[in-house]
Amino acid sequence: VQLQASGGGLVQPGGSLRLSCAASGSTFSINALGWYRQVPGKQRELVAVISIGGSTNYADSVKGRFTISRDNTKNTVYLQMNSLKTEDTAVYYCNAGLIIWQPGNYWGQGTLVTVSS
């Protein structure tokens with residue numbers, strides 16, 4: 001499985017960004033698609049994950065601000081990020097696996113999200 005992420009960039013606090021990640025290859029083996037993020041010196045952490053059936057798992061820190069969705073016909077997952085805060089600044093990684101409660105084995109390249117005035 002290959003994951004191609006896009007959509008990072010620089011945004012001001014309170015602004016919005018949308019990340020996309022397209023999966024290709026042996027996608028029949030994938031149930032969960034989602035996003036994790038990492039800042040230097042810290043562990044990679046969950047942002048949001050969604051299953052084929054639409055079940056979701058969000059980090060508490062992003063609930064009510066971020067929305068994850070997916071288009072199963074395109075094997076693509078989206079992360080709509082609203083009301084961004086400076087603490088959302090991180091490298092965001094797309095992830096694919098079997099269940100929404102832990103990271104899967106497949107990682108995309110990171111995309112940098114910077115929230116700064």
Accessible area in the full protein assembly, largest first, 1.4 Å probe, for 101, 35: 101, 35
Contact order relative to length of the chain, as percent, for alpha carbon pairs under 8 angstrom and 6 or more apart: 37 percent
Gain in span if fully extended, residue 65 to residue 112, counting 0.36 nm per residue against the direct Cα distance: 15.1 nm
The chain - percent of accessible surface contributed by carbon and sulfur, probe 1.4 Å: 49 percent
For residue 60, solvent-accessible area (1.4 Å; no DNA, RNA or ligand), Å²: 120 Å²
Most fluctuating residue given options 20, 61, 51, as computed from a GNM of the chain linking Cα atoms under 10 Å: 61
Computed label-point distance, nm, for sites residue 73 and residue 27 using a 7 Å Cα→Cβ extension: 1.2 nm
Selected from 97, 34, 14 as most flexible by GNM, with the chain as the system and alpha-carbon contacts under 10 Å: 14
Summed side-chain charge close to residue 78 - residues other than residue 78 whose Cβ falls under 12 Å, Lys, Arg +1, Asp, Glu -1: +2
Nearby lysines by direct alpha-carbon distance to residue 42 (threshold 25 angstrom, same-chain neighbours under 8 apart not counted): 63, 85
Heavy-atom accessible area ranking, 1.4 Å probe, most first, across 28, 66: 28, 66
Per residue accessible area of the chain, 1.4 Å probe, in Å²: 51 Å²
Relative contact order [Cα under 8 Å, 6+ residues apart], the range 10-55, whole percent: 28 percent
Most to least accessible of 112, 79 (protein chains only, probe 1.4 Å): 112, 79
With eigenvalues of the C-alpha gyration tensor scaled by 5 and rooted, the chain, Å: 22, 14, 13
Residue 85-residue 39 pseudo-label distance in nm [points 7 Å out on the Cα-to-Cβ vector]: 1.0 nm
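The values are calculated or read from the model by the stated rules, or taken from the named source; none is laboratory data. Because the structure is a prediction, the values reported are computed rather than measured. Because the Cβ atoms are built from the backbone with ideal geometry, glycine has one as well, and the counts that use them run over all protein chains shown. In case anyone asks, the SASA skips ligands and DNA or RNA and just uses the protein heavy atoms, side chains included. Shrake-Rupley method; radii C 1.70, N 1.55, O 1.52, S 1.80 Å.
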